[in-house]
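Visitor: Got a structure here, written out as structure tokens. Questions coming.
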Amino acid sequence: MSDEQSLTQLLDDWQQGDGAAYSAVFEQAYLELRRIARQRIHAMGADITLSPTELVHEAVLRVMSTELNWNDRNHFFASLSLYMRSVLVDRARARASLKRGGGATHLALSQVELGSDANSFDLLALDSALKRLEHLDPRCGSVLHLTCFAGLKRQQIAELLDVSVQIVDRELRFAKSWLTNYLNDHAQQ
Amino acid sequence: MSSSDVDRFVRIKALFNRLCDLPAVQRDAALTDAALAADADPEVIDAVRNMLLQTELEDADLAESVQTEVNHLGSDEPSSGDTLGAWTLLEEIGEGGMGKVFLAQRSDGHFEQTAAVKVLSGLPSARALRYLARERQILASLTHPNISRLLDGGSTPGGWPYLVMEYVDGVPIKTWCDEQAVSPQDRVQLLIELCDAVAFAHRQLVIHCDLKPSNILVTRDGRPILLDFGVARHLLDAMTDSDEAAEVLPVEQTATSKAYTPRYASPEQRAMQRVGTASDIYSLGLVLAELLGAGRNSTNELVLDGLPRDLAAIVRRATETEVSARYAGVDALSDDLRRWLNHEPVIAREGDNLYVAGKWLHRNWPWASAGLAFVLVISVFSWQMRAERDRAVASEVAARAVTDFMIDVFQGADPEVAGKRDLPLSEVLDAGRERLAGSLQNQPLVRAEMGGILGSVYQNIGQRNQALAMYEEAIPVARASGDPALLAQLLHKQGYTLYDQEDFPAAEPIVGEAIALRERLAPNSLELVESLRLMGTIQAYLGQEDDAHAQLNRALDLASQLQGPQSTAVARVRTDLARVHTFFDINGQEITRHARAALDIFEREFGANHFHYLNALEFLVIGHSYDNDSEQATVLAHELADKRAALYGVDSYPTAYALFTLAGVMESAGQRLRARPEIERSLAIQTRLDGANAVSHTAPMYRLARIDMSLGRLDSALAGFKALLAIQEALGAEDNLFIEEFEFGIGRIKRLQGDVVAAQQYIQPLLERRQANAATLPYVLLRTQLEMARVLRSQGQLEPAADLLAQIDLSAIGGNDDWRLCDVDMEHALLSAARGRNAEALALFKSAEAHLDRGLGADHPDSWLFRIERAEFLAGTGQAEAARNLAREIRVKAAPSIAEDGLWAQRLNAIIEPADSLDSSTNY
């Protein structure tokens, strides 16, 4: 591993100080997350697109009663985003396996839904591309993850990873191009 | 993923970053230039070209798939009037623990059909989704006239999953019986039909888990139909061996327990223990009682007084608290019901509860699976085995559950024991064993079974001799009583314990007999897979490469056939195969292949932080390391160490082993200065866990000593080898592989320190022993011969050294082992140099170095470390300038393996600045 700090490493360090309270806060934040999502859709109809950023931030603000300094907040958003990612990927994977069913050849799947679930596969594809990138280049992967799942601004990402904003921009630019290319390559297969 | 992937990625990134800010025209030109470069990689160029052509993603695009998934979190659940695929929901007809059921009509105009559509209610968690997926899978495998069929399934655009099932137009069985005034005979007949459906499900390895009158409808034509497999379980999920089950079951069962109906649930289900087919038998017994009009008293116990005595006995037998006291299968229950219809005597009124008490233990015993032992094989990574055994010790908790039962069985009768509190586990066991010896004299089979169980508990708490004593007593009984299944099980356990004690020669025939029995009794069972795995691993330790592979490949085929090629059973066998390949293979191809396949399965089934995943990862590390892909191996080894620390804590054996592996990877990459702190961390952890100088520290201490030796830190290495010998001495061990290795290390250090007399005292007897021993591996013999030749040369005995070199049989080690060939050429070179044949020596040095570059790669630090010899040769033959230049280059290229306070630094400095060091004569 190179000497640059990866996101998970940073989070680990931060986590050291906190222990059990930390995961409790997570669980709570996630419950809030779901509740807010539900409320929004009720209030605004099914067409609304919820921004994950907004959701995460709102959930975090609700569960964090104490004042955190900025770096802690960034850390927390970042942590929660890892957690959210794993929850979302879990759900998408569970649905994908439901879709595939149990190899029951005698079943006729309703064709209507075959296309409709494409997004959950997208998320899985995004996740596996991210994993690959995180493996090849931890810092670049962290920047992409934080952009997709934590909705952190470049300045915040830069603070979190302790690099300049220019580097974040450059990493992100590359990451997006790499991602598109990777997803194209893998879509063909 | 190989290092070439990483290389390629780095090149893609560099090129992309160089080009992305250029105007389009210049980009194309630069891209063309790059493609024409001598070292151009077409894939890199293509990738960068594609990447530059794409329109840049907006952040919003990026977040879209995430948002869609988030939206699913909040979208509304389906309700009446909604259309799901081809189905329109008409009205809600039921609500269960996790979902709602709607009556639905096919709305695509193809044909008229009604169905029951089940959707999850509330915000479905990933777990609820998995449950629904499992129900779908289970139902798909169940086509039976008495089970409601699965018609369709999918999920809504909002992400709500649903199942469409045959709609059964009927009434609950109790209502039907009461309204139609059905006779007791016909009620029994209905239950027999139902038993057939449940038995069918059991044959498909499905347990219903929620049998109750409201889940059984009777159609107008009087056909009972079984509904709602929502909490059904796959038998194999419920019965797989202990370690997986221990990890997976508690979570799953919590979910199940919320879903079942307590009134009809079996005691084991309510106690959240593992459930099996007997659980459904229990529920069927209760349904039967209810259909026959049995009531319950104030403590909710069945009141069977009003029932015919035989039927009451059948209900009692089916609803025994202890699993093994019930009918052995649903068919046995329905057979008994048929006997009652035919006025034959029913089995239920016979019976012997003492026998079944033993059976209960037997069935619930968490299997200690194969692969739990620890055997230390030097220079082979076998640490994982130890890690697994530590888990087995952790499953002492599971053993305690059995012990609790044993306390019930044994303690009550022993007032002295009963009065005490906080008895140590072993004391309770000993008490139980004594009591076992004195009781059940006329029940030899029960005693044998109990003995087997006690043996397993002893094994699991590490008291292997006690375990063996139990098996040795039980096995003759099982043999004499003609219970081959029990005998096979006891033999397997005995073989396992012997294996765990590292007595492989004794274990082999015993496991062989277990396999023969199981082949005959249960040729298609996971038990046979377990025995084959154990056998293969034992044979690997016995050095029987072909046999080991044959057994494990059989295990692989069988596991694959039983559970599918992507099952965890297969992944476990593949982990064994990877391990065996680490014993025998020179390159990592097969290790990597098996480890990768196992890794993928474990990741999918358990996630990337599970101990099974990490075990497979460890072999992947080793595979890459064997293939000299040190970059990849190091990355993965870091992942391994980090995740182990997260999973088990820093101060744990698995973390210590992961650090050991990490250090090993670095060591073989020649990165010894970086490896040293890692191995020290590993050793520090183990010292905190076991105290200093425990016998189990042999492997890390040996690695540390070897690293020190290769860094040139001879004093430190010498102290390490002496400490290792002291451990063996304290054990009272006589000549063994370890002692020989350590003495070899000391001999070599003595020679490097210039004490050639002491060196000979260590090496010569070792060589004589190894030459006399036919089992000595060719390369071990070669190493010893070479070392002896070096000692002789260092003493100036050039002719004997040459004679010894001439004895070396290169064909025995195969013609393409560059590492050994280098060693041999190097010694020839040094001997030629000592004899003053300089031209010959130089050619041999070059030949040795060519082997190194081929075997290790020209950039490997070790390739350069070896060049010290040529540098000294140059210095000694008046070529001071060339010697200095080479020495300086070595200083740089081999830096990762040169300790500043070590011998190599000293020797190199002596070449670079000869004035500072008058004595440049060395003793390589």
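Visitor: B:Gly94 is checked against (1) at pLDDT 65 or above; (2) within 8 Å of another protein chain (Cβ to nearest Cβ) and fails just one. What number does that condition carry?
Guide: The one condition B:Gly94 does not meet is (2).
Visitor: Another question, then. Can you tell me which residue among B:Asp28, B:Asp108, B:Asp76, B:Asp39 is surrounded by fewer than 21 Cβ atoms within 10 Å (Cβ to Cβ), at pLDDT below 85 and touching a His at 6+ places or on another chain (Cβ under 8 Å)?
Guide: Of the residues listed, the single one that is surrounded by fewer than 21 Cβ atoms within 10 Å (Cβ to Cβ), at pLDDT below 85 and touching a His at 6+ places or on another chain (Cβ under 8 Å) is B:Asp76.
Visitor: Still on this model: So, in the range B:627-640, how many residues would count as being more than 13 Å from every other protein chain (Cβ to nearest Cβ) and either surrounded by fewer than 21 Cβ atoms within 10 Å (Cβ to Cβ) or within 11 Å of B:Thr661 (Cβ to Cβ) (or both)?
Guide: The number of residues fulfilling the criteria is 2.
Every residue, every condition in (1) aromatic (Phe, Trp, Tyr); (2) under 23 Å from A:Asp169 (Cα atoms); (3) within 13 Å of chain A (Cβ to nearest Cβ); (4) in contact (Cβ under 8 Å) with a residue 40 or more places away in the chain, yes or no:
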position: B:Asp21; (1), (2), (3), (4): no, yes, yes, no
position: B:Ala24; (1), (2), (3), (4): no, yes, no, no
position: B:Ala29; (1), (2), (3), (4): no, no, no, no
position: B:Asp33; (1), (2), (3), (4): no, no, no, no
position: B:Ala40; (1), (2), (3), (4): no, no, no, no
position: B:Asp46; (1), (2), (3), (4): no, no, yes, no
position: B:Asn50; (1), (2), (3), (4): no, yes, yes, no
position: B:Leu53; (1), (2), (3), (4): no, yes, yes, no
position: B:Glu56; (1), (2), (3), (4): no, yes, yes, no
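Here is a yes/no grid of residues against (1) more than 10 Å from A:Ala78 (Cα to Cα); (2) assigned to a loop (DSSP other than H, G, I, E, B); (3) more than 10 Å from chain B (Cβ to nearest Cβ); (4) within 15 Å of the chain's Cα centre (by Cα):
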residue	(1), (2), (3), (4)
A:Ser142	no, no, yes, yes
A:Gln155	yes, no, yes, no
A:Val163	yes, yes, yes, no
A:Leu172	yes, no, no, no
A:Ser177	yes, no, no, no
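Visitor: Then there's this: Out of B:Asp483, B:Asp547, I need the residue that is surrounded by fewer than 21 Cβ atoms within 10 Å (Cβ to Cβ) and either among the aliphatic types (A, V, I, L, M) or over 22 Å from the mean Cα position of the chain (by Cα) (or both). Which one?
Guide: Among B:Asp483, B:Asp547, only B:Asp483 is surrounded by fewer than 21 Cβ atoms within 10 Å (Cβ to Cβ) and either among the aliphatic types (A, V, I, L, M) or over 22 Å from the mean Cα position of the chain (by Cα) (or both).
Visitor: With surrounded by fewer than 20 Cβ atoms within 10 Å (Cβ to Cβ), assigned by TED's automatic domain parsing to the domain that holds B:Gln185, out of contact with any strand residue (DSSP E or B) (no Cβ under 9 Å at 6 or more places or on another chain) and of a type in the set (Asp, Glu) as the only criterion, which of B:Glu320, B:Glu301 stands out?
Guide: B:Glu301 is the lone residue from the list that is surrounded by fewer than 20 Cβ atoms within 10 Å (Cβ to Cβ), assigned by TED's automatic domain parsing to the domain that holds B:Gln185, out of contact with any strand residue (DSSP E or B) (no Cβ under 9 Å at 6 or more places or on another chain) and of a type in the set (Asp, Glu).
Visitor: So, B:Leu792, is that one surrounded by fewer than 18 Cβ atoms within 10 Å (Cβ to Cβ), among the hydrophobic types (A, V, I, L, M, F, W, C) and within 23 Å of B:Gln753 (Cβ to Cβ) or not?
Guide: no
Visitor: Would you mind telling me which numbered condition in (1) touching a helix residue (DSSP H, G or I) at 6+ places or on another chain (Cβ under 7 Å); (2) over 29 Å from B:Ala858 (Cβ atoms) B:Glu667 fails?
Guide: (2)
Visitor: Give the residues of the range B:720-768 that are in a helix (DSSP H, G or I), under 21 Å from B:Arg706 (Cβ atoms) and charged (D, E, K, R), sorted by residue number.
Guide: Within the range B:720-768, B:Lys722, B:Glu729, B:Glu740, B:Glu741, B:Glu743, B:Arg748, B:Lys750, B:Arg751 qualify.
Visitor: Shifting gears a bit: Could you say which residue among B:Thr698, B:Thr661 is closer than 24 Å to B:Thr776 by Cα and hydroxyl-bearing (Ser, Thr, Tyr)?
Guide: Among B:Thr698, B:Thr661, only B:Thr698 is closer than 24 Å to B:Thr776 by Cα and hydroxyl-bearing (Ser, Thr, Tyr).
Visitor: Could you list, in sequence order, the residues of the range B:306-317 that are outside any helix (DSSP H, G or I) and in contact with a strand residue (DSSP E or B) (Cβ under 9 Å, 6 or more places away or on another chain)?
Guide: The one that is outside any helix (DSSP H, G or I) and in contact with a strand residue (DSSP E or B) (Cβ under 9 Å, 6 or more places away or on another chain): B:Gly306.
Visitor: I would also like to ask the following. Return the pair list, or none, for Cβ contacts closer than 9 Å from residues in the range B:641-665 that are at positive phi to residues that are buried (at least 20 other Cβ atoms within 10 Å of the Cβ), at least 6 apart or on different chains.
Guide: B:Gly649/B:Thr655
Visitor: Restricting to the range B:641-654, and then to whatever is within 14 Å of chain A (Cβ to nearest Cβ) and either touching a Gly at 6+ places or on another chain (Cβ under 6 Å) or not acidic (Asp, Glu) (or both), can you tell me which residue is surrounded by the fewest Cβ atoms within 10 Å (Cβ to Cβ)?
Guide: B:Gly649
Visitor: Are any residues in the range B:550-567 surrounded by 16 or more Cβ atoms within 10 Å (Cβ to Cβ) and touching a Leu at 6+ places or on another chain (Cβ under 8 Å), and if so, which ones?
Guide: B:Gln551, B:Leu552, B:Arg554, B:Ala555, B:Leu556, B:Leu558, B:Ala559, B:Leu562, B:Gln563
Visitor: Among the residues of the range B:874-887, is any of a type in the set (D, E, K, R), in a helix (DSSP H, G or I), within 26 Å of B:Ser625 (Cα to Cα) and free of Cβ contacts under 8 Å to residues at least 60 places away in the same chain?
Guide: The answer is no; no qualifying residue exists.
Visitor: While we're here: In the range B:175-195, is there at least one residue being surrounded by 22 or more Cβ atoms within 10 Å (Cβ to Cβ), under 47 Å from the mean Cα position of the chain (by Cα) and without any contact (Cβ under 8 Å) to a residue 24 or more places away in the chain?
Guide: No: the range B:175-195 contains no residue that is surrounded by 22 or more Cβ atoms within 10 Å (Cβ to Cβ), under 47 Å from the mean Cα position of the chain (by Cα) and without any contact (Cβ under 8 Å) to a residue 24 or more places away in the chain.
Visitor: When only residues in the range B:160-178 that are touching an Asp or Glu at 6+ places or on another chain (Cβ under 9 Å) and in a strand (DSSP E or B) count, which is farthest from B:Leu84 (Cα to Cα)?
Guide: Residue satisfying both the conditions and the ranking: B:Val171.
The values are calculated or read from the model by the stated rules, or taken from the named source; none is laboratory data. Values in this document were obtained by computation on a predicted structure and should not be read as measured data. Positions of Cβ are backbone-derived with ideal geometry, glycine not excepted, and every protein chain shown enters the neighbour counts.
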